[in-house]
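Structure record follows, encoded as structure tokens.
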Amino acid sequence: MMRKLPPLNAVRAFEAAARHESFTAAANELCVTVTAISHQVRQLEAILGHRLFERSGRAVVLTAEGHALFPMLRDGFDRMASAFAAIRPPADGDAVTVSTTRAFAERWLMPRLARFNAAFPSVVVHIDATEEVRAPGTDGVDLAIRYGRTERAGETSVLFGDRYIAVAASAICPPGARPAIDDIRSRSLLAFRWKNAALDSPAWSAWLAGTDHDPGRDFRISWYSEEPLALHAAERGLGPLLCSDALVDEQLRQGTLRRLDGPALAGFAYRLVDAPGAGRRKSVTAFIDWLRAEAAAFRAAPGQVMIRAA
């Protein structure tokens with residue numbers, strides 16, 4: 001019996017727009033223009049004789065008919081994707097997609113990733129570096145590494161907690177013992193704007209309260225909009241930076257950054273979150289086991305401990 005279906009491009013455009021609640025995001029996913037998505041959705045609405053979205057400026061909200069239609073189409077596309085994935089050989093070997101912040105990906109994960117590649121050469125690792133929270137199980141994300149106060153329900157485990165220490169480029173520090181903040185008098189303190197307003201960021205005022213320094217000194221702070229920018233500024237000798245010890249571990253080991261004499265302030269936790277069922281894939285299980293081993297090794301002997309003992 002012949003199936004009577006609307007144009008599949010129109011169906012696909014509606015499903016993507018409904019899933020993202022955005023014509024723009026749907027257009028980005030399907031590699032077409034926003035105008036094309038709008039045209040295809042209107043075509044489907046004309047065929048069905050019902051409006052599927054209420055439009056208000058750039059915002060789109062599903063109507064009652066859209067709400068009724070979307071789950072069935074979403075589940076249908078998911079089943080189609082699973083059917084093709086079951087019989088199609090992967091183009092680039094088994095793959096794992098990890099979502100985390102740009103700073104953590106660049107400063108902690110990537111310096112260690114070569115060891116995973118050497119141990120599992122058939123597994124391709126995709127890094128989705130973003131400040132947006134990407135839920136595992138959606139958009140192809142298998143695992144997420146999140147940063148926050150405590151472990152939450154449904155999230156697997158804490159990888160490690162961090163501490164906030166003051167560091168500066170070796171080039172602006174005097175030789176010898178661990179430098180003091182007063183050894184870098186001509187430089188502004190560096191700081192960055194936190195993206196997560198729910199977290200109380202460790203502050204220079206708290207760090208300075210725990211160290212000996214010239215009470216008459218007027219400390220200036222140079223602010224950066226992004227954490228990676230502040231880290232790069234510290235590496236280039238623009239001033240000392242108060243930051244997570246996890247994000248400067250490699251630089252402390254290499255000696256390009258040095259820890260300043262002063263307290264280590266309590267930080268937060270990096271937590272591993274995986275998608276339901278993702279751990280059943282051997283590649284994901286392998287990456288999780290490797291990640292936990294790397295986290296345990298880091299916390300047992302972080303770079304700052306090695307520098308202190310030298």
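The values are calculated or read from the model by the stated rules, or taken from the named source; none is laboratory data. Since the model is a prediction, treat every value here as computed from it, not as a measurement. Cβ: placed from backbone, ideal geometry, glycine included. Neighbour counts: every protein chain shown. Heads up: the accessible areas ignore ligands, DNA and RNA and are worked out on the full protein's heavy atoms, side chains in. Shrake-Rupley method; radii C 1.70, N 1.55, O 1.52, S 1.80 Å.
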Separation of alpha-carbon centers, the range 196-257 and the range 1-36, rounded to whole Å: 46
Run the helix sum for the chain: -39,500 (n - 2.57) per DSSP H stretch of 4+ residues, divided by residue count, reported at 222 nm to the nearest 500 deg cm²/dmol. -11500 deg cm²/dmol
Give me the accessible area of THR35, 1.4 Å probe, in Å² rounded to the nearest 10. 110
Please go through the range 7-47 and write out the GluC sites (Glu not before Pro) that DSSP classes as loop and that have at most 15 other C-beta atoms within 10 Å. GLU21
Residue separation between HIS20 and MET110 times 0.36 nm, minus their alpha-carbon distance, gives in nm 29.4 nm
Taking 0.36 nm per residue of sequence separation and subtracting the Cα-Cα distance, how much length would be gained by fully extending the chain between VAL133 and ALA297, in nm to one decimal? 56.4 nm
With the Cα gyration tensor of the range 5-67 giving a ≥ b ≥ c as the square roots of its eigenvalues, does the rule (a/c under 1.5 for rounded; else a/b larger than b/c for prolate; else oblate) give rounded, prolate or oblate? oblate
Hey, any idea what the orientation-averaged projected area of the convex hull of the chain's Cα atoms comes to, in nm²? 21.0
Taking only protein heavy atoms and a 1.4 Å probe, what accessible area per residue, in Å², does the chain have with all protein chains in place? 54
Nearest 10 degrees, 0 to 90: what angle lies between the long axis of helix 110-119 and the longest principal axis of the chain (Cα atoms)? 70
Taking protein heavy atoms only, a 1.4 Å probe, and rounding to whole percent, the accessible area of the chain owed to carbon and sulfur comes out at 55
